[in-house]
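Any read-out appearing in this document is the output of simple, stated calculations on the displayed coordinates, not a laboratory observation. Since this is a predicted model, take the numbers as computed values, not measurements. Cβ placement follows ideal geometry from the backbone for every residue including glycine, while neighbour counts extend to all protein chains displayed.
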Amino acid sequence: MTILHVSFECYPIAKVGGLADVLGSLPRYQNNFGHSAHVIMPFIDNDFTKKSEFEKFYAGAIVMGDQRITYTVFKLTSPDLGFTVYMVYIPKLLDRSSVYGHRDEAERSVAFQLSVLDFINNAMQHCDIVHCHDHHTGFVPFLMTHGQGYMNLRNIPTVFTIHNAQYQGQLGYDKLNLLPNFDRQKIGLLDWDQRVNPLAAGIKNAWKVTTVSPNYMKELQNNANGLERLLQNESKKCKGILNGIDTATWNPETDAMLVKNYKIGTLVSGRKANKKWLCDHFDLTFNAPLFAFIGRLVHEKGADLLPEIIEESMSNTNINCIVLGSGHQDTEEKLRSLKDVFKHRYHAHIGYNEQLSHRIYAGADFLLMPSRVEPCGLNQMYALRYGTLPIVRRTGGLKDTVIDIGDGGFGICHDQVLVWDVCYSIKRALALYENQNAYKKLQRQIMKIDHSWDRSAQEYINLYNSLIPPK
């Protein structure tokens, strides 16, 4: 079957969060199963696209409000990502260097979606499934069914995946003039709580709705930033499918970013070499257990508590800690200030560094994930793959993927996002670490856990097949 994924992000082209990782892997795994999966996204003027090669694939025009806008679809020809990538280019609108954060965000997302629909209508010879991702694509399922210019698309099944329901893209009703003509009696399919809501529109109009973990789907019916009742009403067409990870990229045996590669049989020497590099590079004490945090320094990740957690734990226990991430300025400044307090035991790298993240997964002993919101989470899966034990709050996909050692599992879990809970979990981790035989046994166990995309990609294929009418 032919699948078109519609998204604003795709790794390694443009990444802000986990959405990009999904779009950088799922289509390739679907192709491995013999299907034809493609990604269409806005053109991003960044280092990746500057170094890549494209061919002009299609040129068209859309009407948005009172404007006629021409667009060009470029096809990525090099490097080969294992799936076809189309990028929609519109001068001064879809040609920015950053993915989000623009004043004309509504105009950008609508222009992208209308271009995608025009592209499907006129340039794609065949399409079995249109799979939309997050609120920037939420109008596509509605317009495919109710837009007057897309009558021949209404029988193509649509799937809408919620990667994070906190971001919904709400608009005022004045922005409806950006959309092409549709039956105004259907306006209720676009709004929620007296505003135009693209995320709600995607949920209402798609044939099927998925989230990135089963537990997150359950949680959304009680906590979805105002969409709880909608998701309860639409529950029969909703399904949680756990994200996977790219086990070719995230493989300690072949990862070129590591100081030393290793497998289960050589994990002690391999992880020791990577930990030593981290300790030498950041002037940390090698013999102490190393705790790490990797991610955005934002409220939903529990990062605002990190300075107090680190100060409390490092004042009362013999641990090292390293933080990699960026986000809220206040949190960044507090984390920086701790470097002078805990010299030789603590480091904060503000920003992001892909190589450093791989080496942290390969060299840290424990990974902290005190998330308030974690729809799926990939970091804990990377950690497991590399033999680093995760310390997580039971929420979203963290609850689906990490089982506490007290319940016969392999990680350390807590229920609240409180300094005390995380610090207590760190003490539990230290007790485990002191029993090196048990600790190393768990490391070998977690490296065997399969979180590849094979299973998840097949679940999506099964979902698509349930929507396509028999020929």
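Tell me yes or no: at least one residue of the range 329-349 is closer than 30 Å to residue 218 by Cα and either touching a Ser or Thr at 6+ places or on another chain (Cβ under 8 Å) or surrounded by fewer than 16 Cβ atoms within 10 Å (Cβ to Cβ) (or both). Within the range 329-349, none of the residues are closer than 30 Å to residue 218 by Cα and either touching a Ser or Thr at 6+ places or on another chain (Cβ under 8 Å) or surrounded by fewer than 16 Cβ atoms within 10 Å (Cβ to Cβ) (or both). Within the set of pairs 6 or more residues apart or between chains, which connect a residue that is closer than 19 Å to residue 133 by Cα inside the range 144-159 to a residue that is β-branched (Val, Ile, Thr) and in a loop (DSSP other than H, G, I, E, B) with Cβ atoms less than 9 Å apart? Short answer, once both residue conditions are applied: 144/156; 157/468. Could you look through the range 163-178, keep only residues that are out of contact with any helix residue (DSSP H, G or I) (no Cβ under 7 Å at 6 or more places or on another chain) and either assigned to a helix (DSSP H, G or I) or in contact (Cβ under 8 Å) with a residue 40 or more places away in the chain (or both), and pick out the one that is nearest to residue 242 (Cα to Cα)? For the range 163-178, the residue satisfying everything is 164.
Which residues, counting only those in the range 431-450, are assigned to a helix (DSSP H, G or I) and touching a helix residue (DSSP H, G or I) at 6+ places or on another chain (Cβ under 9 Å)? 432, 433, 438, 439, 440, 442, 443, 444, 446, listed by residue number. Out of 368, 356, 324, one residue alone is of a type outside the set (Asp, Glu) and assigned to a helix (DSSP H, G or I). It is 356.
Considering the range 116-159, the residues that are more than 11 Å from residue 4 (Cβ to Cβ), among the charged types (D, E, K, R) and over 22 Å from the mean Cα position of the chain (by Cα) include one that is surrounded by the fewest Cβ atoms within 10 Å (Cβ to Cβ), namely 154. Look at residue 362 and say whether it is touching a residue at least 40 places away in the same chain (Cβ under 8 Å) and in contact with an Asp or Glu (Cβ under 8 Å, 6 or more places away or on another chain). Yes, satisfied.
Of note, residue 376 does not satisfy the criterion of being in contact with a strand residue (DSSP E or B) (Cβ under 9 Å, 6 or more places away or on another chain), in a strand (DSSP E or B) and not aromatic (Phe, Trp, Tyr).
Filtering 342, 366 for residues that are over 18 Å from residue 246 (Cβ atoms) and either among the aliphatic types (A, V, I, L, M) or out of contact with any strand residue (DSSP E or B) (no Cβ under 7 Å at 6 or more places or on another chain) (or both) leaves a single hit, 342. The set of residues in the range 86-100 being under 24 Å from residue 63 (Cα atoms) and either among the acidic types (Asp, Glu) or out of contact with any Asp or Glu (no Cβ under 7 Å at 6 or more places or on another chain) (or both) consists of 86, 87, 88, 90, 91, 92, 94, 95, 100.
Residues in the range 179-233 that are on the phi < 0 side of the Ramachandran plot, out of contact with any Cys (no Cβ under 8 Å at 6 or more places or on another chain) and assigned to a loop (DSSP other than H, G, I, E, B): 179, 180, 181, 183, 190, 197, 207, 221, 222, 223, 224, 227.
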